[in-house]
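Note sheet for the following structure.
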Amino acid sequence: MITNEPDIATATVPASLSTAAAAKVAELIAAEGDTSLALRLGVRPGGCSGFQYEMYFDGQTDDSDVVSETDGVRLVLDAQSAQMLSGATVDYKEQGLQGSGFAINNPNQQRGCGCGESFC
């Protein structure tokens with residue numbers, strides 16, 4: 001199911017990609033040469049604060065996955081991660097010499113650790 005509308009069954013608003021993130025993901029998928037790929041975002045136990053994010057390309061979705069789409073790029077979350085990422089936005093920032101990268105703006109995150117890799 002591809003939607004940016006709230007999921008009535010779970011009362012969640014799916015996570016989404018910013019326009020900049022969608023453009024960068026589209027570029028990376030094109031470099032992979034497999035247009036069936038989507039960006040999978042998940043939350044897993046680990047890190048200093050209890051949870052950490054994981055992102056990778058995935059060519060398969062499950063019936064229980066929550067899928068949103070921005071500018072033709074799909075963002076896929078497993079059902080458990082979707083609850084923790086409700087309303088989150090994945091952004092991509094160009095930061096010159098400081099490096100560029102993806103950032104997850106998660107309104108459900110209570111606090112992060114000093115390393116910036118985990119949260120609770």
Query raised in the report: What number of residues within the stretch 54-69 are under 17 Å from Glu32 (Cβ atoms) and touching a Leu at 6+ places or on another chain (Cβ under 6 Å)?
Result: 3
Query - First in the stretch 90-108 and closer than 19 Å to Tyr53 by Cα, second anywhere and surrounded by fewer than 10 Cβ atoms within 10 Å (Cβ to Cβ), Cβ under 9 Å, 6 or more apart - result: Gly101/Gln95
Query - Qualifying positions in the stretch 19-38 - under 13 Å from Asp58 (Cα atoms) and of a type in the set (D, E, K, R) - result: Glu32, Asp34
Report summary line: Within the stretch 26-42, the count of residues that are touching a residue at least 24 places away in the same chain (Cβ under 8 Å) and farther than 15 Å from Ser16 by Cα comes to 4
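Values in this text are rule-based calculations from the coordinates and carry no lab data. Not measured: the values here are computed from a predicted model. Cβ sites come from the backbone with ideal geometry, for glycine too, and all protein chains shown count toward neighbours.
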